[in-house]
Structures are given as structure tokens and as C-alpha cells.
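Chemist: Here you go, one structure.
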Amino acid sequence: MKHYLTLLFTLFSVYLYSQPNSIDNSFNIGNGFATDNYVDKILVLDNNKILVKGNFTSFNSSTVSSNILVLNPSGSLSYSISSDLTSFNKFIQQPDGKLIICGSGTNPVRRYQGSNFNTIDNTFNYSSNLPIFDSELQTDGKLLILQKSVSTSVTRSLRRLNSNGTIDTSFPLINEIKGFRLLSDGKILAIHQN
């Protein structure tokens, strides 16, 4: 598994630094993650730091207390992010630099601010006990979320939140959606579950 993660970060560094056909040796994660640990989400932040999420207890032979780490562009650890969510499915950085994390918990969407995303932005509040599987941020600041449905006869529903986390009632709730993507023209491409 360690070789796979090293390969993953090596490929990622080639992409990040746009050096085709060569390995950028300035990106070095040292010992990286333990062999039974893994990374399953990566987000390049606007300052070129790299957010990684996964199932791990150490990085570069040091114990970490969070499953969300931010690495420097060199590959060294910058800081960790603590969240009260119980699982993490999507990370989005807003144009203003704030970080949206979607997943499971009493508040399945949280927006963080501060230099290390160490403060919950309380101006955004969406309270629900249903997990969010995916999300996309529109250019107007509204957030599309794919969430487990309240109805037992429907599996997942697509809805839209206003920039403060309240439900956008002008957007119709769309049921039985398996997945979706927000296109560059603002249209939504959705996979409907039959």
C-alpha cells in the first residue's frame, strides 16, 4: 500500500507542477503513511498547499490526530484540520478561501475559516442528521448537495442550499439521483436512479 501511495503522490506532484515525463523530486512526503493507511481524497488549495483525507494515524513516522491533513507544496506536513463530522465525502474551497466539508454528522455540511481552517463559520448553518454524499458550489455561492433522502422509498435527493446554509426553496427537490456534476454553463448533469 505504501508503494501505491508513493505512486499516487508522485503522479500528483507531476500534475501539480506540470512537469510531464519527469518526477519532481522537490515534492517529498518522506516516509508518508503507514502501510495499512490510505488516502482517498485530495484537494489543491488556492495557496498550492494540498489537503489530503483518508484513513491514517501517522504521517512521516509521526502520529496525527486527524484524518484531514494539509501538506506544503514540498510534501511536508503543514497542519491538520479537526472537524466534528463523523465522515468526510467532499471538500470545496470557496473563492473567498473558506473551506466547505460535507459528510455525516449533526451538521453534515460545515464551513471553516481562518488561516488553518480552525474556526467554524457560524454564518453557515445546515442542520440535518442525513449524510451528504456529494456537493458542488455554484458561482453564486449556492451549494448543490446530494443527500440521503428523508423518505424510505427514495434513496438520494438533490437539493440546493443558500450561501448561509438554509434550503433554497426556489430549487425543486430532485429524488432518486445517483450522482451529478455541475457544468461550466451552470447546468446540472444528473444520473437518475431507476
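The values are calculated or read from the model by the stated rules, or taken from the named source; none is laboratory data. No experiment lies behind these values; they were computed from the predicted model shown. We place every Cβ from the backbone using ideal geometry, glycine too, and count neighbours over all the protein chains shown. Remember, those area values only see protein heavy atoms, side chains included, never the ligands or the DNA or RNA. Shrake-Rupley method; radii C 1.70, N 1.55, O 1.52, S 1.80 Å.
Chemist: Please give the net charge around S128, taking every other residue with its beta carbon less than 11 angstrom from that of S128, where Lys and Arg add +1 and Asp and Glu add -1.
Modeler: +2
Chemist: Under a 1.4 Å probe, what is the accessible area of the chain per residue, stated in Å²?
Modeler: Per residue, the chain has an accessible area of 53 Å².
Chemist: Which cross-chain or sequence-distant (5 or more) residues have an amide H under 5 Å from the amide H of D168, H modelled 1.01 Å from N in plane?
Modeler: For D168, the qualifying residues are R160, L161, N162.
Chemist: Can you tell me how much longer the chain between L183 and I23 gets when fully stretched, taken as 0.36 nm per residue apart minus their C-alpha distance, in nm with one decimal?
Modeler: 54.4 nm
Chemist: Another question, if that's okay. Taking 0.36 nm per residue of separation and subtracting the Cα-Cα distance, what length does fully extending T63 through K41 add?
Modeler: Using 0.36 nm per residue and subtracting the Cα-Cα distance, I get 6.0 nm.
Chemist: A further question on this structure: Can you pull the one-decimal nm distance between simple spin-label points at N31 and D96, each 7 Å off the Cα toward Cβ?
Modeler: Computed distance between label sites N31 and D96 equals 4.2 nm.
Chemist: Once neighbouring chains are kept in place and the probe is 1.4 Å, which whole percent of the accessible area of the chain is contributed by carbon and sulfur?
Modeler: Details: 5160 of 10330 Å².
Within the chain, the accessible surface is 50 percent carbon and sulfur.
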